[in-house]
Structures are given as structure tokens and as C-alpha cells.
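For reference, the structure discussed in these notes is given below.
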Amino acid sequence: MLRPDAARAALAAACDRIDAIVAKLPDLRHRESLCMRRPELARMLALARAWLV
């Protein structure tokens, strides 16, 4: 059974966790590079842009 609302909620929670981790990095370049070096983070953020409009 598909549950798009549950998927959106889980995606939003995951993005909140990513944001909390990234926010602890003092340098903007490090924040950006973390997401580029970790494909799973980049994918999660791309999904969030598509689903959480």
C-alpha cells in the first residue's frame, strides 16, 4: 500500500536531521562539499526538492 503522506513526513524528518548536522559545520564550503561527497545526502535533498514543494 502506498502512503505518500508518510513518505513525505519521513523525507522531511530526514532532511531536518541533515540540516542539523550540516548547520554544525562553521564553513559554508564544508557544508556544500559534505552534501556533494555523500551521494545519499545529495539524493535525499534532491528528493526533498521534488516532493516537498
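The values are calculated or read from the model by the stated rules, or taken from the named source; none is laboratory data. A quick note: this is a predicted structure, and the numbers were derived from the prediction, not measured. Backbone-built Cβ (ideal geometry, glycine too); neighbour counts: all protein chains shown.
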Extreme residue, nearest to Val53 (Cα to Cα), among residues of segment 1-41 that are of a type in the set (Lys, Arg) and not in a helix (DSSP H, G or I): Arg3
Can you tell me which residue within segment 15-37, out of those that are more than 24 Å from Arg3 (Cβ to Cβ) and within 11 Å of the chain's Cα centre (by Cα), is modelled with the lowest pLDDT? Cys35
Could you give every pair whose Cβ atoms fall below 9 Å, whose first residue belongs to segment 1-25 and is farther than 18 Å from Arg38 by Cα and charged (D, E, K, R), and whose second residue is at pLDDT below 90 and part of a helix (DSSP H, G or I), counting only separations of at least 6 or pairs across chains? Arg8/Trp51
